[in-house]
Amino acid sequence: MSDESGDYGYEIFAGTEEYLNVNKAIVCKWATKLRENKSQGVERVLDLATGVGTMITLLLDELQGRERPHDVVCVDMSEKALKLAELNLKGQVGLLKLVHSPLQSLNLEPESVDAAVWGNGVHYLSADEQKTACANVRRSIRKKGWFFLNSAFYEESRPSNTLAFYRSQIAGAVRYLRSRGINRDRDRRHPDSANFLPLKHYRDLLEQSGFEVENMEQIEARIYRSTLEKISGFSQYASGALHGYPAAAAAEAMREAVPLSLEEYGIRDEQDQPYIPR
């Protein structure tokens, strides 16, 4: 995750109920797998694309007593994020190491961690960068260690019955930008986060990096208006959807386009509230 702007806004939607609930369900499965193999020991965990520490905090909450890792290594490109993660994780582990680095340049001591987690970050890298990052992670994990990762941004993550919403949102956002005289720079590079790669790509990526893929699973989350607005207002997400437009303006436009598109194309829950399944 880039920190080029000097600002960091990911924690805005990382604290939403939907985000926490679905990631807690995912992390619970990771923790169960670690508990099933506790005889091998999990003393040191590597947390990739840490952000503010949401995923590692959820994992620590699931692993109680002797199961909890003593040491945690947090890696992120954002210094601000790492400082927030340090505050959030203070007192929860024996030794906390913060590494300010892109995952493509990660150079930890070989076989120095028992498990690694990568929550909601793999899609920000190009396919070649993903290969380099996974090779670095594979080198860092000891033999018979574990690597867990997840993403909500892959080809199959958007069910066919939700595509009308996304098309409507983008069209509405473009109208919003044009009404304010904001034009698209067609020469601007298409961001890697806009490429929704298929599940098969990630299986191949892991296997080619030397991992044995034990399980791949999809978990559905219902995303409501408030969270959709927060996600849409995240500059990197908006830049992927509206590449070529200024990031801040794209984020504002994507956020403003949520209500009408959701009302028209959202799926209704038991209380008749519209949502988008992901």
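Values as computed for the structure displayed
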{"item": "Estimated [θ] at 222 nm from DSSP helical runs (n ≥ 4, -39500 (n - 2.57)) normalised by residues in the chain, nearest 500", "result": "-12500 deg cm²/dmol"}
{"item": "Tally of Lys pairs whose C-alpha atoms are under 24 Å apart, taken over region 77-186, 8 or more apart or cross-chain", "result": "7"}
{"item": "Accessible-area composition of the chain, carbon plus sulfur, in percent [1.4 Å probe]", "result": "47"}
{"item": "Amide H partners (placed H, <5 Å) of Gly121, local residues excluded", "result": "Asn150"}
{"item": "For the chain: accessible area per residue (Å², 1.4 Å)", "result": "51"}
{"item": "Assigned charges on the beta-carbon of Lys, Arg, Asp, Glu; region 119-180 dipole about Cα centre (debye)", "result": "180"}
{"item": "Protein-only accessible surface order, largest first, of Trp30, Trp146 at 1.4 Å", "result": "Trp146, Trp30"}
{"item": "Highest-MSF residue in the chain out of Ala14, Ala164, Ala253 [GNM, Cα springs under 10 Å]", "result": "Ala164"}
{"item": "Cα centroid of region 215-260 to Cα centroid of region 142-181, whole Å", "result": "7"}
{"item": "Rounded if a/c under 1.5, otherwise prolate or oblate - region 175-278, Cα gyration tensor axes", "result": "oblate"}
{"item": "The chain: angle of helix 79-89 to the longest principal axis, Cα-based, in degrees nearest 10", "result": "60"}
{"item": "Phi to ³J(HN,Hα) by Karplus 6.51 cos²θ - 1.76 cosθ + 1.60 over region 173-189, Hz, x for Gly, Pro", "result": "5, 5, 4, 4, 5, 5, 5, 9, x, 9, 9, 8, 8, 6, 8, 5, 5"}
{"item": "Shape category assigned to the chain from the gyration tensor of Cα positions, a/c cut at 1.5", "result": "prolate"}
{"item": "Degrees separating the helix 247-256 axis from the principal Cα axis of the chain, which is the longest one", "result": "70"}
{"item": "For region 33-138, alpha-carbon Rg relative to the globular expectation (2.2 N^0.38 Å, N residues)", "result": "1.03"}
{"item": "Antiparallel bridge percentage (DSSP; both residues within the chain; nearest 5)", "result": "15"}
{"item": "Range in the chain, longest, excluding exposed GluC sites (Glu not before Pro) [loop by DSSP; at most 11 other beta-carbon atoms within 10 Å]", "result": "5-211"}
{"item": "Rounded to the nearest 20 debye, dipole of region 5-119 from Cβ charges on Lys, Arg, Asp, Glu", "result": "260"}
{"item": "Sites Ser126 and Arg268 - FRET efficiency at Förster radius 25 Å, r taken between beta-carbons, to 0.05", "result": "0.05"}
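The values are calculated or read from the model by the stated rules, or taken from the named source; none is laboratory data. For clarity, every value in this text was computed on a predicted model and none was experimentally measured. Virtual Cβ from ideal backbone geometry, glycine too; neighbours counted across all protein chains shown. To get the accessible areas, we keep the full protein, side chains included, count just its heavy atoms, and leave off ligands, DNA and RNA. Shrake-Rupley method; radii C 1.70, N 1.55, O 1.52, S 1.80 Å.
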